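Contents: one structure, followed by commentary.
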C-alpha cells in the first residue's frame, strides 16, 4: 500500500513540529501531579461465588444481544523460515530500508472481518481478542484469536476502549454526556446489568490500561488519570498537561502514553521521572499503543505497524513490523479529544507472538508476527 498523501494542514503541522517539541517536553515535565499514592491497593477481588476457573473467555461470559455483524477471518499460522543452524530467519522490514524475505510469513492475516459498527479499542486475553464497536451494532465483542464467530460480551453504545484480566472486562466511555467513566463487569457474567462504575472523576476516559496493585490508568483531557480497578474509589490525575494524551500501556515498572508529539515514558507509581522517548514524524502519528517490556508497538497513519526498542529508544529508530492491508488515514489514528467521541480510531494489542490491530475503514481486525 502506498503512502497516503499529506494534506496542506498536515504539511504545515509537520514543518512546525520540531519547533514546539522542546517546549512541550518542558511542559510535560512540569505538569506532573499525584494527589494520593495507590501503592496500598489490593489486587482484583476473587470471582463471585460459583465463578468459573481462570481461562479463556471465548465460550463463556457472553450475554444475549444483537448479533455481531462480523465473520471470523481464516487463521493463518504461517511461520518464518529458518537458517542452516535452525535459528529463525529475521524477516523484519526495517525503516532503514532492509527488506524482508518476501514470503508473506509475517502477515498481516485477517482475524475478524466484516465487523458491524465503528471499530474502536481492542484488547487480548488468553485465547480471545476483545474489541469495542459502536453505531448500529454497539458494544463489547469478543472472538477467538484464531478466527471464529464473534459474540457480544456486553451491549452498550457508550464504550471507547476495553481491557481484560483474569476476572473482569473493563471499558471506558470516551467523552460527552455519557462519557468520563470506567466500568467493570465480571468476565464470565451472563447478567446484563452486572456492570459497576469504577470512577467517574476524569474529564474524559479514552484509552485505558491495567496496572499492578489494583491500579487502572486512563487518558483524556490532556492528562493521565489513575483509579482503583477494585472498587469505586476516587481517581487522581497523575500527569497533567499532556497535550493530546491518547494510547496508554503499562510495562513492568514503567507507564507509557502517546501524546500529540509522540510517546512519553513515566512510572506507574507516579512522577517523577517523565521523559519523551519518541518524536513522531508528524503530530498525531501515534494513537493506541501496546508494550511487551521490550518494545512499544503502534500503527501509524500510513498503515505501518511500528515497534520501538525500549533499551535505547532515543538512539535507535523504530522498526516496521508489517503493514495494514486496508487504507489507514491520519484521522483514524489521531484519537485526540476533538474527534475521540465519534470517530473510528485504530488500536493495537499484543500477546507473546502476535500484534493485533484494527483496520476500521474496512471493518477488520488483523494480526502479524511480532518478530
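The values are calculated or read from the model by the stated rules, or taken from the named source; none is laboratory data. Here the structure is a predicted model, which means the values were calculated and not measured. When we count neighbours, we look across all protein chains shown, and the Cβ atoms used for this are built from the backbone with ideal geometry, even at glycine.
Looking at residue 268, is it crowded, with 18+ Cβ neighbours inside 10 Å, modelled with pLDDT under 95 and under 14 Å from the mean Cα position of the chain (by Cα)? Against the criterion (crowded, with 18+ Cβ neighbours inside 10 Å, modelled with pLDDT under 95 and under 14 Å from the mean Cα position of the chain (by Cα)), residue 268 does not qualify. Say whether the condition of being farther than 22 Å from residue 167 by Cα, touching a strand residue (DSSP E or B) at 6+ places or on another chain (Cβ under 8 Å) and either buried (at least 21 other Cβ atoms within 10 Å of the Cβ) or free of Cβ contacts under 8 Å to residues at least 40 places away in the same chain (or both) is met by at least one residue in segment 202-215. There is at least one residue in segment 202-215 that is farther than 22 Å from residue 167 by Cα, touching a strand residue (DSSP E or B) at 6+ places or on another chain (Cβ under 8 Å) and either buried (at least 21 other Cβ atoms within 10 Å of the Cβ) or free of Cβ contacts under 8 Å to residues at least 40 places away in the same chain (or both). For segment 138-175, taking the residues that are over 26 Å from residue 350 (Cβ atoms) and in a loop (DSSP other than H, G, I, E, B), the one that is farthest from the chain's Cα centre (by Cα) is identified as 157. Scan segment 101-137 for residues that are free of Cβ contacts under 8 Å to residues at least 60 places away in the same chain, more than 14 Å from residue 349 (Cα to Cα) and assigned to a strand (DSSP E or B) and the total you get is 1. Of all the numbered requirements in (1) within 26 Å of residue 241 (Cβ to Cβ); (2) at pLDDT 95 or above; (3) surrounded by fewer than 19 Cβ atoms within 10 Å (Cβ to Cβ), residue 165 misses one, and that requirement is (1). In segment 357-369 there is no residue that is surrounded by fewer than 17 Cβ atoms within 10 Å (Cβ to Cβ), at pLDDT 90 or above and part of a strand (DSSP E or B).
Matching residues to (1) assigned to a strand (DSSP E or B); (2) at pLDDT 90 or above:
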{"site": "177", "(1), (2)": "no, no"}
{"site": "191", "(1), (2)": "no, no"}
{"site": "216", "(1), (2)": "yes, yes"}
{"site": "242", "(1), (2)": "no, yes"}
{"site": "245", "(1), (2)": "no, yes"}
{"site": "249", "(1), (2)": "yes, yes"}
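If we scan segment 98-110, do we find a residue that is crowded, with 20+ Cβ neighbours inside 10 Å, at pLDDT 50 or above and under 17 Å from the mean Cα position of the chain (by Cα)? Within segment 98-110, none of the residues are crowded, with 20+ Cβ neighbours inside 10 Å, at pLDDT 50 or above and under 17 Å from the mean Cα position of the chain (by Cα). Filter segment 116-128 for residues that are at pLDDT 90 or above and farther than 21 Å from residue 304 by Cα; which is nearest to the chain's Cα centre (by Cα)? Checking each candidate, the answer is 125.
The set of residues in segment 228-255 that are within 18 Å of the chain's Cα centre (by Cα) and closer than 27 Å to residue 196 by Cβ comprises 229, 245, 246, 247, 248, 249, 250, 255.
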